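Let me begin by presenting the structure, written as structure tokens, before commenting on it.
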Amino acid sequence: MNQMSKPPSLASESKQQLLAVLVGTQQFALRIQSIKEIRGWIATTHLAHAPDYIKGMINLRGQVLLVIGLADRLGLPARAPDAASVIVVVEHGEQAAGLLVDAVCDILTVSDDMRRQTPKTGSAASDEFVEGLITTGEEIISIINIASVMPDEAIQAALTAA
């Protein structure tokens, strides 16, 4: 068998694009295919009895969309949204929500050799919200599991009833 008949390298097929966002002083990554749009911060409408990580609701072209403070959802110190803040609208299945972040940083093209497993901390939350890590030089960026940061069904039901 000659060299020309070998299948293409798997490394070239395993590249993935992620959007790097800033939350506080730390970068996180979101899968590009989960992102519907990126928009600037707009004031939200409060949702009664919602968890602290729900920053409110916005009207996105006729669709009521929950806005989730990613810092709050991840248990990190949050700052008050301002004109520099960004809402990244993400989808998971039929569910959509806006993730409030401090800034959008970059689009990353990630290969398998850049990915690392999340260290075991004994906390179910770190395993739930982070699906892996990216190492780029000295920096470590956590890849967010979109499904886990989405609001649960009870919150979605309250939104539908609102």
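The values are calculated or read from the model by the stated rules, or taken from the named source; none is laboratory data. On a predicted model such as this, the values are computed, not experimentally measured, just so you know. For neighbour counting, all protein chains shown are included, and Cβ atoms are generated from backbone atoms with ideal geometry for every residue, glycine included.
Counting only residues that are surrounded by 10 or more Cβ atoms within 10 Å (Cβ to Cβ) and modelled with pLDDT of 70 or more, which one in the stretch 120-134 is farthest from residue 32 (Cα to Cα)?
Within the stretch 120-134, the match that is farthest from residue 32 (Cα to Cα) is 128.
Restricting to the stretch 39-53, what's the tally of residues that are closer than 15 Å to residue 86 by Cα and surrounded by 11 or more Cβ atoms within 10 Å (Cβ to Cβ)?
4
Would you call residue 22 hydrophobic (A, V, I, L, M, F, W, C), at pLDDT 95 or above, under 13 Å from residue 100 (Cβ atoms) and surrounded by 13 or more Cβ atoms within 10 Å (Cβ to Cβ)?
The answer is yes for residue 22.
Please go through the stretch 91-110 and give me each residue that is part of a loop (DSSP other than H, G, I, E, B) and exposed (fewer than 15 other Cβ atoms within 10 Å of the Cβ), ordered by number.
Correct list: 93, 94.
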